[in-house]
Amino acid sequence: MAINIINPATKSVYKSIEETDSAGLNTAVENAKSAFEIWRKTSAAERTQAMHRVADEIEACGAELAEIIVSEQGKPMAIAQMEVGGAAGWTRYNAELSLEPVVIEDSAERYVEEQRLPVGVVASITPWNWPLMIAVWHIMPALRAGCSVVIKPASTTPINTIKLAEIINKHTVPNLVQVVIGGGRAVGEPLVKHPDVKKLVFTGSTPVGKHLAQIAVADLKKVTLELGGNDAGIVLENADISKVAEKIYMTSFINMGQTCACLKRLYVHRSKYEALSDALTKIAAAQVVGNGMDEGVTFGPVQNEKQFNSVNAMIEEAKAAGAEVIQPSLPAGLNGYFIAPTLIKDPKHDMSVVCEEQFGPVLPIIPYDNLEEVMSHAIHKEFALGGSVWGEECPERDWVVEQLDSGTVWINNHAEVLPHIPFGGNKDSGMGVEFGQEGLLEYTVRKVVNRAK
């Protein structure tokens, strides 16, 4: 069955691609398993050199990859170019990581060391928001550890992943990374169930992540999940609005708000509420909304019709309930899934735009008077991916950092992820960790060697 890949800026068909059937899925896993037996025997130096060659070609193909990203995902060209650059940089970082044995004891009685072995064939399932970058986040530590990968990209954004796999297989060993195409039930679940798959790494929604984890645990596969978030940012009374407004906007609306770790709920001390709301309104109004291929565009469409409808429903619900919706007018002639950067003032805490993850270009701005009271709202019952506090150094800022229970807490920043800093969620926002040495170890199994003297 053919799957049409829709350009979200035009609603036209960008590419068509065949869905992977059950025979194709089995072949992909078999190929990856055979490639693993070759790749696992390569030295650390060989893997490092091969991965640097991959990074070189990602950079050499940068223009092509960026055009693919804009065409199937919708983000402006400048952000797509940033995604390609990040993919190359993340590849180089992982290429240099080490898995040398760790000496636990070297005494008169014994010598004990911990070794790390590759887990085997990894099933990777990626979302549509950062299709190239998240594929790299899943694949590169797996390759550095000595694993092979079968990746199922989102059905709406598979083309860049196919190109990435071609690059990797050219510079490592044939079939090391296999791509399968299709929906969750038809392809994703059978991939996770496959007996030759030894690990699942998934980025996406919490309900789907929980479901896949239940499947994976049935035969004790390793699991890493980076799931939903509804990140809160708290602006203190002493915050300098001229310093923080631009960064708050960027960390809320990057990639049109379609980022797991975006700032998604903004709580502002009442003394700074109108000043910050006005500043954010001006920044939103200055955005150039349009097709990401067009020069000067800074704000693209929502990636797909389902998400477009979901975000618009939240906005309409808030408007009907009496919240003030600030939304610049869209330019004439647009035909895609466009929503202008939208601010919602004075929403109620029980509105879906506040208590649910919007995953789109909308930010609720909520005033508060009492810091302790607002913390009871800021700490989400289910999600704990990220959180932030904005303001000058003071005891209140330290207290907020101590109270927030998310996997990452930023101070005067949000949504920043770096290859050397572990990242993962608490509560229903995830399991395990990505990035850094700790993220690399997620693709290994432990082997302790205990030698008596």
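The values are calculated or read from the model by the stated rules, or taken from the named source; none is laboratory data. None of the values given here were measured: they were computed from a predicted structure. No Cβ is skipped: glycine too gets one built from the backbone with ideal geometry, and neighbour counts run over all protein chains shown. Accessible surface areas use protein heavy atoms only, side chains included; no ligands, DNA or RNA. Shrake-Rupley method; radii C 1.70, N 1.55, O 1.52, S 1.80 Å.
Table for the structure above
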quantity: Failed criterion for Ala165 (all others in (1) free of Cβ contacts under 8 Å to residues at least 24 places away in the same chain; (2) open to solvent by 10 Å² or more (accessible area, probe 1.4 Å); (3) closer than 20 Å to Ala32 by Cα hold); calculated: (2)
quantity: Unmet requirement for Ser388, which otherwise passes all of (1) touching a residue at least 12 places away in the same chain (Cβ under 8 Å); (2) part of a loop (DSSP other than H, G, I, E, B); calculated: (2)
quantity: Per-region count, the stretch 83-120, residues within 24 Å of Leu200 (Cα to Cα) and touching an Asp or Glu at 6+ places or on another chain (Cβ under 6 Å); calculated: 1
quantity: Residue within the stretch 22-45 that is in contact (Cβ under 8 Å) with a residue 40 or more places away in the chain, farther than 18 Å from Gln178 by Cβ, open to solvent by less than 50 Å² (accessible area, probe 1.4 Å) and not hydroxyl-bearing (Ser, Thr, Tyr) present; calculated: yes
quantity: Set Gly391, Gly387: member being at pLDDT 95 or above, over 21 Å from the mean Cα position of the chain (by Cα), small (Gly, Ala, Ser) and more than 21 Å from Val311 (Cα to Cα); calculated: Gly391
quantity: Residue that is least open to solvent (accessible area, probe 1.4 Å) [pool: residues in the stretch 188-214 that are out of contact with any Asp or Glu (no Cβ under 7 Å at 6 or more places or on another chain) and among the polar types (S, T, N, Q)]; calculated: Ser205
quantity: Close pairs (6 angstrom Cβ cut-off, 6 or more residues apart or separate chains): over 23 Å from Thr259 (Cβ atoms) and in a strand (DSSP E or B) in the stretch 220-247, open to solvent by 10 Å² or more (accessible area, probe 1.4 Å) and of a type in the set (A, V, I, L, M) anywhere; calculated: Lys222/Val119
quantity: Residue check for Asn160: within 16 Å of Thr91 (Cβ to Cβ), assigned to a helix (DSSP H, G or I), within 20 Å of the chain's Cα centre (by Cα) and not β-branched (Val, Ile, Thr); calculated: yes
